[in-house]
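Below is one structure, written out as structure tokens; comments come after it.
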Amino acid sequence: MTIPAGPPPTGGGDGEQQRLRLLAVTACPTGIAHTYMAAEKLAQAAESRGIDMKVETQGSIGAENVLDDNDVKHADGVIVAADKDVDLSRFAGKRVLTVGVAEGIRHPEQLIERVMSAPVHTPGGAPTAPASGGKERSVGYKALMNGVSYMIPFVVVGGLLIAISLSLGGHTDPSGGLVIPKDSFWMDINNVGVIGFTLMVPILSGYIAYAIGDRPALVPGMVGGWIANTGELYDSKAGAGFIGAIVTGFLAGYLVLWIKKVPVPKFARPIMPIIVIPIVATTALGMFFIYVIGKPISWVFENLTDWLSGMTGTSAILLGAILGLMIAFDMGGPVNKTAFLFGAGLIATGNQTVMGMCAAAIPVMPLGQGLATLIRKRLYTEQERETGLASLFMGCFGISEGAIPFAAARPAQVIPANMLGGAVAGAIAGVAGVEDAVPHGGPIVAVLGAVSGVPMFFVAVVIGSAVTALTTVALVDLAERRRRGEAGLALGVGAREAVLVGAGVGATGAGAGAGTGASGGAGAVLGDVPKQAGPAESAETAVPGNRADGADTAKAAEPADEAEGDGGGDSSDVLSGYLTEQTVKVRLGAADKEAAIREMAELLGRTGKVVDPEQLVATALRREAQGTTGLGEEIAIPHAKTDAVSAPVVGFARSAEGVEWDSPDGTKARLVFMIAVPEAAAGDEHLRILALLSRKLMNAEFRERLLAAPDESTVLGVLREVG
């Protein structure tokens, strides 16, 4: 269906023609300018066709220009251009078109034409995934990253509280391992940490399910995760751990989606999402896990124990390697617990060498993953790097679960690396005859005197951790290179979800997450999405019209000194004085992205505000690894939040030939801005600058004047219009 350029009649009661009213939502986990560019492109396309449009922008700091109930009530259609989950429940009964954020930038006119033939969203529908218009991360990947991002705080809080209580209140006891006195303050701290750890697995499962089936899937997902982690419910000595939680999360999510498709009488529809679906899905999933999946887990556990019992007379190197592989495989799951309980059970018989092998392997995963975030920071999000520091701390206290956010976010790379490092550590401890008198692992047991052969114990831990870290970095880097080769993009790395749009492709990626922190952390892997300009800022950056003489006439009032021409005015007017003639360069000499970022860092260094140029470059490159800052329309805005600068500073340079920047429309970047802000001042100011630039640069006439400006002072005069 093609929407006419003029305002279409809608049969208003007053007999007058009314303009078509559309709504839009734009969002991406990282690449904050993409969110605003898509919003601006859609608004411009709507205005040119005589259509009213309100655009809500969403990001990790929250939604701006939020669509209220009145907006939705009078809307004729909704466009969702997003590379992250968007709750569509408020749009029930409206035509909703869902696409990737790249489509909002590249084809806004087509989206406006298509929205009136889009399907009507029904109540209880799931969060959106782009229906067409670009390749993106799969629904399964996004669901996994969603779970990891919510799980990370529980891992960190629970693990650190347990580690603190053990270090300050624990002592070794040959009859009971590493013991904290009962009824003590430190036991209370330990119990709180245990609660955090106990909730970790259900949270992972629940939010995987939520990302697939929306709110009705949250309860069955969490209950399923709890069941998976509670082996007693299906006669197993160890629960299924985080791997079981991933299984129950996906089962719950897709089970809820299937139940939603079952036709029910109209009177029953209101209670379906809050009563019927959660009860049916929770019961079905729980019984399925207990009676169908749980039994094989218990059987595997028992047979693994028998198999290990028959190996005690074999080579210590082989046994240590096998135990290390098992310890590292699922970090607290049934395979890990089988090896751990096997070693712990032999302590009472006087054989402490098997527990020594396990104790050396236990800290390798969190130590190795934490070390990896330090070795190659650019491969990880800020949240993942923070989670990595917590993981290092947990590793010192033998808490292998500290590596779970990394394993959940990148199982294909992290689990093999963990197993290799664990096997190496176990084998070294085995050949060296390391003994552990208590059922616990990590450097803490050696410090407290429970380990004999302490030097070789630490050799095993250090070498195993280094093997895990180096292998992880190599595998993650290889995976990223492969994805770049397949899609022509530099994808985001981490627990959290990173996003990228390139050559018509919109892709999300946590975490994870973890971003982690992705976190992603992981986590919630986390992008830096800008705060939308407030009313005054929006007026300053409104889409300008064109006068006959080619000058820019903004719809809002411009500062009075702009009348002086391109070369006049005070340079402090440009982005609050962060961009000056000193940081403008009309000829960028670099031929590739990394060289361009280095040249821009040198340009910013003219101000004296760059205290560590190499760190600034490294931070900007890590940001590029999370998702390209090439915005299309021959624009790139690399940016960095780092203490390598002492104050906010912005630079601009022009490239005659253009620099390949993986832009969504395939164009080379000729207009390059670089923004650097210190960590302490990285909040709204960083986001405000990006929002102002990305909106203003959407005006073609403004870009043409930037390209045509003959010298730095003229360029600065043009840029003064940004604000």
Which residues in the stretch 208-246 have a backbone N closer than 15 Å to a point placed 7 Å from the Cα of Lys261 along the Cα-to-Cβ line?
-> 213
Quick calc, Leu374 & Ala656: beta-carbon distance into FRET formula, R0 45 Å, rounding 0.05, result 0.70
Surface accessible to a 1.4 Å probe, Lys641 within the full protein complex, Å² = 60 Å²
Accessible area per residue, 1.4 Å probe, Å², for the stretch 339-456: what's the number?
-> 28 Å²
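Output the peptides 618-630, 110-122, 193-205 sorted from most to least packed, where packing is the average of other Cβ atoms within 10 Å over each peptide's residues.
618-630, 193-205, 110-122
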For the stretch 187-244, what does the alpha-carbon gyration tensor say about shape, rounded, prolate or oblate, given a ≥ b ≥ c as the root eigenvalues, a/c under 1.5 as rounded, and a/b over b/c as prolate?
-> oblate
Entries of Lys94/Lys260; Lys41/Lys609; Lys668/Lys696; Lys94/Lys261; Lys585/Lys696 with Cα pairs more than 23 Å apart | Lys41/Lys609
From the square roots a ≥ b ≥ c of the eigenvalues of the alpha-carbon gyration tensor of the stretch 145-264, which class results: rounded (a/c under 1.5), prolate (a/b over b/c), or oblate?
-> prolate
What is the Cα centroid distance between the stretch 639-657 and the stretch 686-720, reported in whole angstrom?
-> 15 Å
Roughly to the nearest percent, how much of the accessible area of the stretch 335-472 is carbon and sulfur, given a 1.4 Å probe?
-> 71 percent
Provide the packing ranking of 697-705, 466-474, i.e. peptides ordered by the mean count of other C-beta atoms within 10 Å per residue, highest first.
-> 466-474, 697-705
In whole percent, the fraction of accessible protein surface over the stretch 596-656 that belongs to carbon or sulfur atoms, probe radius 1.4 Å, stands at 45 percent
So between Val194 and Val462, what do we pick up on full extension, going 0.36 nm a residue minus the alpha carbon distance?
-> 93.8 nm
What accessible area per residue comes out for the stretch 159-277, rounded to a whole number of Å², with a 1.4 Å probe?
-> 47 Å²
Sorted by accessible area (1.4 Å probe), largest first, how do Lys260, Lys182, Lys593 line up?
-> Lys182, Lys260, Lys593
Cα shape, the stretch 622-723, gyration tensor, a/c 1.5 rule | oblate
If you roll a 1.4 Å probe over the heavy atoms of the protein chains, what accessible area per residue do you get for the stretch 582-718, in Å²?
-> 31 Å²
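Count charges around Ala656 for me, please; just the other residues with Cβ under 9 Å from its Cβ, Lys/Arg as +1, Asp/Glu as -1.
Summing Lys/Arg as +1 and Asp/Glu as -1 gives +2.
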Heavy-atom accessible area order for Cys396, Cys358, largest first, 1.4 Å probe | Cys396, Cys358
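The values are calculated or read from the model by the stated rules, or taken from the named source; none is laboratory data. All of these numbers come straight from a predicted model, not from anything done at the bench. Note: ideal-geometry Cβ built from the backbone for every residue, glycine included; neighbour counts use all protein chains shown. Just so you know, the surface numbers come from the protein's heavy atoms only, side chains and all, with ligands and any DNA or RNA stripped out. Shrake-Rupley method; radii C 1.70, N 1.55, O 1.52, S 1.80 Å.
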